[in-house]
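In what follows, a single structure is set out as structure tokens and then discussed.
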Amino acid sequence: MKNDSLWKPDNGLSIPRGIYYRILKNIQILAPEEACGLLVGSKGRVRRHLPIENIHHSQSRYRMEPRQQLKAILWMEDHYLDLLAIYHSHPQGPDELSETDIMEITFPETIYVVFFPDCNHWKAKGFLTRHCIPKEIPLKII
């Protein structure tokens, strides 16, 4: 993983429309379970989404399958990309990080993206959590 000092997570995340729609398709296929995965890229722009199995197969909780997560991280490093965000869906809401999400954050300087349904459409919000306090950051679908 390289350290890209020009981009700061507080500035937000850019997700190309095609990648955004592939994430939504994966979320819809897995619903009502929570879907999860990694968003990798450089300089705040997502270049690839790497879906990972939710080993809890739960509607209200996720945990990434460890071998798939390791494989994704090694792939990311082999391709000189950075971990920009971790995403998961909240098929039943809420539209923000849950208390459990906040307690289980393992990469505090990484953006956490939550996908949630709103009036029959899926939407997404990004959060950066420092000292257990989530701060919404801009997501740009480009």
Problem set entry | Computed over the stretch 1-85, Cα set: Rg, Dmax in Å | 13.4, 38
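Where does each of H88, H79 land when they are ranked from fewest to most other beta-carbon atoms within 10 angstrom? Could the numbers behind the result be given before it?
Working: H88 22, H79 11.
Listing H88, H79 from fewest to most nearby Cβ atoms yields H79, H88.
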Exercise. Assigning unit charges at the beta carbon (Lys, Arg +1; Asp, Glu -1) and nothing else, what dipole magnitude in debye, to the nearest 20, does the chain show about its Cα centre?
Worked result: 560 debye
For this session: Compare G18, G41, G93 in a GNM of the chain, Cα atoms joined below 10 Å, and give the one with the largest fluctuation.
Result: G18
For this session: Note the per residue figure in Å³ for the convex hull of the C-alpha positions in the chain.
Result: 101 Å³
Seminar exercise, completed: Listed residues F127, F107, F115; largest mean-square fluctuation, Gaussian network over the chain with Cα springs below 10 Å, found at F107
Problem set entry | Convex hull of the stretch 76-123 built on C-alpha atoms - directionally averaged projected area, nm² | 4.2 nm²
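Nearest 500 deg cm²/dmol is fine: what mean residue ellipticity at 222 nm does the chain get from its DSSP H runs of n ≥ 4 alone, each adding -39,500 (n - 2.57), divided by its residue count?
Details: 3 runs with 32 residues, N = 142.
Mean residue ellipticity at 222 nm (helix-derived): -7000 deg cm²/dmol.
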Seminar exercise, completed: Each label sits 7 Å from Cα toward the beta-carbon; between H121 and N11 the label points are separated, in nm, by 2.8 nm
Exercise. Taking the chain as a Gaussian network, where each spring joins two C-alpha atoms under 10 Å apart, which residue of M103, M64, M76 fluctuates the most?
Worked result: M103
Problem set entry | Extension gain (nm, one decimal) between T100 and R22, 0.36 nm per residue minus Cα-Cα | 25.5 nm
Exercise. Amide H to amide H under 5 Å from R47: which residues, 5+ apart in sequence or cross-chain, H placed 1.01 Å off N in plane?
Worked result: V40, G41, S42
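Output the pairs from K71/K125; K8/K140; K43/K125 with a Cα-Cα distance over 24 Å in this structure; if there are none, say none. Spell out each step's value before the answer.
Working: K71/K125 26 Å; K8/K140 15 Å; K43/K125 19 Å.
Violating the 24 Å Cα-Cα cut-off are K71/K125.
Quick note: the coordinates plus some simple rules give every number you see, no bench work behind them. These numbers were taken from a predicted model, which means no experiment stands behind them. Quick reminder, even Gly has a Cβ in these numbers, built from the backbone with ideal geometry, and neighbours come from all protein chains shown.
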